[in-house]
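Read the structure below first, then the notes.
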Amino acid sequence: MDDLIRQHILPSLKNDALDELGDSARLNVASNSLCFTTDSYVVKPLFFNGGDIGKLAVCGTVNDLAVAGSKPVALALSLIIEDGFEIELLDKILANIGETARQSNVDIVTGDTKTVESGAADRIFINTAGIGVRLAGVDLGFDKIAVGDKIMINGTIGDHGMTIISQREELKFQSQLKSDCASLTGLICELLENTSGIKFMRDPTRGGLAATLNEIARSTALSVEIRETDIPVRPAVQAAADMLGFDVLTIANEGKFVAVVSPESTDDCLKICRNHPLGKEAKIIGEVVETRDVPLVEIETRIGGKRIVQMPYGRELPRIC
Amino acid sequence: MLDRINKAQRDIDAACEILGRQINIMEVCGTHTVSIFRNGIRSILPSNLKLLSGPGCPVCVTGQGYIDAVLQLADRDDCLIATYGDMIRVPGKDGSLEIKQAKANIKIVLSSEDALQLAKDNPDKTVVFVAVGFETTAPATSVVVKEAAAGSVENFCILSGHKLVVPAMRALLSEKNHNINAFLCPGHVSAIIGYGAFAEIVEDFSRPCVVAGFEPVQIIEGLCEICRQLSAGKAELKSMYFAVVTEKGNIAAQQIIDECFEPVDGYWRGLGEIQKSTLKLKDKYAQFDAFRRFSISEEPSEEIKGCRCGEVLCGLIEPPECGLFGRDCTPQEPVGPCMVSSEGACAAWFKYGREKRRKL
Ligand code: SF4
Ligand code: SF4
């Protein structure tokens, strides 16, 4: 085990706190206002176009910290490895973890590794936890959202989920799909530090845009209206979703955020996004409106019709025709 | 595209104004149903034009007795059940395939070929393919039956619940209190049987029959054509799905169905027994017929209590009129098949309808 840590883990993740190999990491954080989060990653396949489980494990956690209005400062990493898992693959995953952490400007300061007998885990599971320092003057929350606020997204939806699903289903055009898995800390911090109109942010991961917007409606008792024609979707993603009978609105993203923005600051926000590689296709896709009867998310369709967007439910089953 | 939609919409408005009375158009294809809801097509139609979701989903129309027969086979240790995903959650007398899935002898397949492969991979079990669907899936079932016969795959058989669309349309129009003014005919089915197959509906019942594709613009133009006919007091047969549907259809596909199957009387949910509406394997393929192999039959079985799927399928009520809709019956915990299938009318209402319980 010690060998595994010294020869494989430390070299990829290198930083002072970790190198001490103490029982706990000591951190110097110049703030008493922190965010703290954790998530576990069990994705299948482990490697996919645009990323792997390691990159995902870092991005997922730093993105959760960023959308809460904080700058990530430290991560914990736990690996649960099935006996017999190939060491070369582990190295590859660790290298991606190290690389993504560096890009996100965050150190992995503590961790744990367990090997379990074969069959007790599916190759490798990863858990990450993270601490972030809240950005001064930034206070995000559902309670800030008001009628008239705009809904912004930093790019195309459905890329991650459709990549995973089509790789699993071995679809022919899987090579045209690429996960959007990315660390959003840079872009989000830039936005929060340079604008003042952002009221709320969330990363639309599981359940996709549909889940995030429904959470907004439920938690604010306001309604949300979006326009289908304004939502960026890559044609290959749309084609894969149509073929398998999925609604792209419900498909997971791993490099996207939804921001609720006051109308006055939409221009500034869009400008900052579009100057950043991860926000080139940023769009205002709708707005917050009064509730008529019950809080709802509604979409204006391509043909000018209207329908609601439900909180995603159930597992989608392959269709008969 | 928007120009075409706007034009069709204006024409629909004009025709419906001339008509003045309530007009009901039924679609008999699950993909149409989903596209109509997903694109919010109902919300842009005039108030006196109503769309009814008819018996267009293979899962929904399958009779309770058939489901019970599948469940009965699933209880046997010597069988593997190969089924399309949508079928596994349909509730039967005692449980659904999903509940029985714990037994691991139920496999979801994406095609009939997968089912045959399953038989080849598991020579010690009898694989029963749950063969449901309209004329669109019947050719693929025929192909594997022939393959199984040619390759002597003796541990393969099918439980045919294949249904034919035109007899069901006739049955609907033969009901005394039906309220159907016209049919929007299914695209894929028509590609197989040819739009000529609907001529008898137009002639015998003078109802417009218009075949349309699945894009919103195709559906709206199809509806527009129907309204135009109705306002002119006509009933005609027309295909608007030029690229895919011909008058005679896909002859090769029809032939292979004919070779393997013959139409017999069969049960439909909500519609009851319909003459020559269900496909049964011909005698020369009897050994691949699960009904005969296991000496079981599709008993006319009691419908699920409180579930009004039958009336929904006939266009007599809209799903929210069912007392269970949205409260006791949801996609997570479906009571009837129309809430199970992603193409079912109840599931579509639940997913896309504006208020879960009432209006659209
Ligand atoms: S036309 Fe195709 S999609 Fe529509 S009901 Fe028939 S088989 Fe299903
Ligand atoms: S809502 Fe449920 S119980 Fe009622 S008709 Fe539909 S499927 Fe049947």
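The values are calculated or read from the model by the stated rules, or taken from the named source; none is laboratory data. Being a predicted model, the structure only gives us computed values, none of them experimental. Here Cβ is always computed from backbone atoms with ideal geometry, including for glycine, and neighbour counts include all displayed protein chains. SASA here: full protein model, heavy atoms, side chains in, ligands and nucleic acids out. Shrake-Rupley method; radii C 1.70, N 1.55, O 1.52, S 1.80 Å.
Starting with the highest mean, order A:28-41, B:171-184, A:53-66 by the number of other Cβ atoms within 10 Å, averaged over the residues of each peptide. It would help to have the intermediate numbers written out before the result.
Working: A:28-41: 13.1, B:171-184: 17.7, A:53-66: 27.2.
In decreasing order of mean packing, A:28-41, B:171-184, A:53-66 become A:53-66, B:171-184, A:28-41.
Can you give the convex hull volume of the alpha carbon atoms of segment B:1-141 per residue, in Å³? Provide the component values of the computation, followed by the final result.
On the way: hull volume 20.5 nm³, N = 141.
Looking at segment B:1-141, the number lands at 145 Å³ per residue.
Taking all pairs of different Cα atoms in the protein assembly as shown, averaging 1/r and flipping that mean, what Kirkwood radius in angstroms comes out? Write out the running numbers ahead of the final one.
Values: mean 1/r = 0.0362 Å⁻¹.
Averaging 1/r across every pair of different Cα atoms and inverting gives 27.6 Å.
Quick query: amide H of B:E135 versus all other amide H atoms, modeled in the peptide plane; which residues come in under 5 Å with a sequence gap of 5 or more or a different chain?
Residues meeting the criterion, in which the H sits 1.01 Å from N, are B:V165.
For q = 0.15, 0.17, 0.20 Å⁻¹, what log10 I(q)/I(0) does segment A:2-134 give under the Debye formula with an equal point scatterer on each alpha carbon and no solvent?
-0.68, -0.87, -1.18
Using just the C-alpha positions of segment B:106-241 as equal point scatterers, what log10 of I(q)/I(0) does the Debye formula give at each q in 0.12, 0.13 1/Å?
Ignoring solvent entirely, the Cα scatterers give -0.61, -0.67.
So how far, in whole Å, is the C-alpha centre of segment A:13-47 from the one of segment B:178-237?
When both Cα centres are located, 63 Å separates them.
Tell me, what ³J(HN,Hα) does each residue in segment B:273-279 have, in order and in whole Hz, if you take phi through Karplus 6.51 cos²θ - 1.76 cosθ + 1.60 with θ = phi - 60° and put x for Gly and Pro?
So the Karplus estimates, Gly and Pro as x, are 7, 10, 4, 6, 10, 10, 8 Hz.
Probe radius 1.4 Å, ligands and nucleic acids left out: can you give me the accessible area buried at the B-A interface, summed over both chains, in Å² to the nearest hundred? Show your work: numbers first, answer last.
Details: alone 15410 and 15730 Å², together 28350 Å².
So the total buried area for this chain pair works out to about 2800 Å².
List, in order, the whole-Hz ³J(HN,Hα) value for each residue of segment A:99-115 obtained from phi through the Karplus relation with A = 6.51, B = -1.76, C = 1.60 and θ = phi - 60°; use x for Gly and Pro.
4, 5, 4, 4, 4, 8, 6, 9, 9, 8, 9, 7, x, 7, 9, 10, 9
Taking the solvent-accessible surface of protein heavy atoms with a 1.4 Å probe, what is the per residue accessible area of segment A:1-99 in Å²? Write down the numbers at each step before the final one.
Values: 4890 Å² over 99 residues.
Roughly 49 Å² per residue, with all protein chains present.
Once the Cα atoms of chain A are picked out, what are the Rg and Dmax in Å?
In order Rg, Dmax, the Cα atoms of chain A give 20.3, 63 Å.
Estimate the FRET efficiency between B:N179 and B:R327 by the formula 1/(1 + (r/R0)^6), using the beta-carbon distance for r and 30 Å for R0, to the nearest 0.05.
Numbers: r = 27 Å, r/R0 = 0.88.
According to the calculation, E is roughly 0.70.
Among B:145-154, B:82-91, A:83-92, what's the highest-first ranking by average C-beta atoms within 10 angstrom per residue?
B:82-91, B:145-154, A:83-92
What is the packing order of peptides A:71-77, A:121-127, taking the mean over residues of other C-beta atoms within 10 Å and listing the highest first? Display every interim value, and only then the final one.
Numbers: A:71-77: 23.0, A:121-127: 18.4.
Most protected by this proxy first, the peptides run A:71-77, A:121-127.
Mind checking the mean number of beta-carbon atoms from other chains within 10 Å of the Cβ atoms in B:38-47? Can you show the working numbers first?
Values: counts 6, 9, 12, 5, 3, 8, 5, 1, 0, 0.
That average works out to 5.
Mind running the shape call on segment A:142-308? Use the C-alpha gyration tensor, a ≥ b ≥ c as the square roots of the eigenvalues: rounded below 1.5 for a/c, prolate if a/b tops b/c, oblate otherwise.
Numbers: a/c = 2.02, a/b = 1.28, b/c = 1.58.
Taking the square roots of the gyration eigenvalues as a ≥ b ≥ c, segment A:142-308 is oblate.
Hey, can you grab everything whose amide H is under 5 Å from the amide H of B:T330? Only 5+ residues off in sequence or another chain; H modelled, so Pro and N-termini drop out.
Here the answer is B:V335, since their amide H atoms fall under 5 Å of that of B:T330.
Could you please state how large a percent of the accessible area of the protein assembly as shown is carbon and sulfur, counting protein chains only and using a 1.4 Å probe?
Values: 13610 of 28350 Å².
Exposed carbon and sulfur together represent 48 percent of the surface.
Could you tell me the calculated FRET efficiency between B:V244 and A:E117, based on Cβ-Cβ distance and R0 = 45 angstrom, to the nearest 0.05? Can you show the working numbers first?
Working: r = 55 Å, r/R0 = 1.22.
Taking R0 as 45 Å, the efficiency between B:V244 and A:E117 is 0.25.
Could you tell me how far the Cα centroid of segment B:10-66 sits from the Cα centroid of segment A:222-278, in Å?
31
So, for chain B, what is the accessible surface per residue at a probe of 1.4 Å, expressed in square angstrom?
Numbers: 14070 Å² over 360 residues.
I get 39 Å² per residue for this part.
Note down the net charge around B:L2, summing +1 for each Lys or Arg and -1 for each Asp or Glu among other residues with Cβ under 14 Å from its Cβ.
On the way: positive: A:R227, A:R302, B:R4, B:K7, B:R10; negative: A:E228, A:E300, B:D3, B:E215, B:E221.
Net local charge, B:L2 excluded: 0.
Between segment B:114-130 and segment A:50-65, how many Å separate their Cα centres?
Each part reduced to its Cα centre gives a spacing of 41 Å.
Name the long-range amide H neighbours of B:R269: under 5 Å, sequence gap of 5 or more, or other chain; modelled H, no Pro or chain starts.
Amide H to amide H, under 5 Å and 5 or more residues apart or across chains, B:R269 pairs with B:T62, B:G63.
Whole-Hz Karplus ³J(HN,Hα) for segment A:188-199, in order, using 6.51 cos²θ - 1.76 cosθ + 1.60 and θ = phi - 60°, x for Gly and Pro?
5, 4, 4, 4, 5, 7, 10, 9, 10, x, 7, 9
For the pair B:E236/B:D121, report the inter-label distance in nm, with labels modelled 7 Å from Cα in the Cβ direction.
Here the answer is 5.2 nm between the modelled labels.
Count the net charge of all other residues whose Cβ sits under 13 Å from the Cβ of B:V245, scoring Lys and Arg as +1 and Asp and Glu as -1. Don't jump to the answer; show the numbers that get you there.
Details: positive: B:K238, B:K248; negative: B:E135, B:E247.
Net local charge, B:V245 excluded: 0.
Select from A:S40, A:A101, A:L77 the residue farthest towards the positive end of the dipole of segment A:2-134; place +1 on Cβ of Lys and Arg, -1 on Cβ of Asp and Glu, and compute about the Cα centre.
Looking along the dipole axis, the top candidate is A:A101.
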